[in-house]
Amino acid sequence: MTNDRMTWGLQGDAERQRALGAIATPSDLVNFMVSLAAPSRPRVRVLEPACGDAPFLSAFAERYGSLHELVGVDIDPAAVEQARRRIPSATILEADFLLWQPSEPFDLIIGNPPYGIIGDASHYPIHVFKERKRLYKRRFQTWRGKFNIYGAFIEHAVRLLRPDGRLVFVVPAT
């Protein structure tokens, strides 16, 4: 696992969220998505990539109990700390999800991946990952042209699922 502590030189929380492509998910949508993710066994392994303060893991535990293995990954140290406080029973890792390789697959991956194109700050909101873009392009088969980062999240999440696993993501219509 890689520790991805980054210094972005961003002024406020809103600027940091925009630079990371983070979009807050309304609680009604979180609850609806969690309702689609009912566990198929008494204990399942659940992942929330780019978890922020872990709204999906929290709602999942509230709805289905705390016997499940809950894992969250986020690159933002402040978000990781919020998630750890919100749901102490979960394992919350500070890492770049797109470069992270867990030791075992997941039964369920649920969440709201970041949206946006990585590029120069003058044109694209997600500029903090500009230096990693070449690495991402080599790693993901679906990365073509002005690629929206949520596509890489989908590709990586599918690779991390068990053969009978489920992916529940909210993404734009594009």
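Kindly indicate the residue of segment 56-78 that is under 17 Å from Pro26 (Cα atoms) and touching a Gly at 6+ places or on another chain (Cβ under 8 Å) and also surrounded by the most Cβ atoms within 10 Å (Cβ to Cβ) among those meeting that condition. The qualifying residue surrounded by the most Cβ atoms within 10 Å (Cβ to Cβ) is Phe56.
Would you check if there is a residue in segment 132-143 being touching a strand residue (DSSP E or B) at 6+ places or on another chain (Cβ under 6 Å) and either in a loop (DSSP other than H, G, I, E, B) or at pLDDT 95 or above (or both)? Looking for residues that are touching a strand residue (DSSP E or B) at 6+ places or on another chain (Cβ under 6 Å) and either in a loop (DSSP other than H, G, I, E, B) or at pLDDT 95 or above (or both), one finds none in segment 132-143, hence no. The set of residues in segment 58-91 being within 11 Å of the chain's Cα centre (by Cα) and of a type in the set (A, V, I, L, M) consists of Val71, Val73, Ile75.
Any chance you could count how many residues in segment 61-84 are assigned to a helix (DSSP H, G or I), touching a residue at least 12 places away in the same chain (Cβ under 8 Å) and of a type outside the set (Ser, Thr, Tyr)? Residues in segment 61-84 being assigned to a helix (DSSP H, G or I), touching a residue at least 12 places away in the same chain (Cβ under 8 Å) and of a type outside the set (Ser, Thr, Tyr): 8 in total. When segment 159-174 is filtered for residues that are surrounded by 13 or more Cβ atoms within 10 Å (Cβ to Cβ) and outside any strand (DSSP E or B), the ones remaining, listed by number, are Leu160, Val170, Val171.
Give segment 21-60 a look and list any residue that's assigned to a helix (DSSP H, G or I), β-branched (Val, Ile, Thr) and within 22 Å of Asp164 (Cα to Cα), or say none. If the condition is that a residue be assigned to a helix (DSSP H, G or I), β-branched (Val, Ile, Thr) and within 22 Å of Asp164 (Cα to Cα), then Val34 is the only one that fits.
Anything in segment 85-117 that is assigned to a strand (DSSP E or B) and at positive phi? List them, or say none. Selection gives Gly111 alone. With respect to Ala90, is the statement that it is of a type outside the set (D, E, K, R), at pLDDT 95 or above and under 23 Å from Ala37 (Cβ atoms) true? Considered against the rule, which asks whether it is of a type outside the set (D, E, K, R), at pLDDT 95 or above and under 23 Å from Ala37 (Cβ atoms), Ala90 comes out as yes. Identify the single condition in (1) under 14 Å from Arg45 (Cβ atoms); (2) at pLDDT 85 or above that Glu81 does not satisfy, given that it satisfies every other one. Evaluating Glu81 over (1) under 14 Å from Arg45 (Cβ atoms); (2) at pLDDT 85 or above leaves (1) as the failure.
The values are calculated or read from the model by the stated rules, or taken from the named source; none is laboratory data. All values derive from a computational prediction rather than experimental measurement. Here the Cβ is made from the backbone with ideal geometry for all residues, glycine too, and neighbour counts use every protein chain on show.
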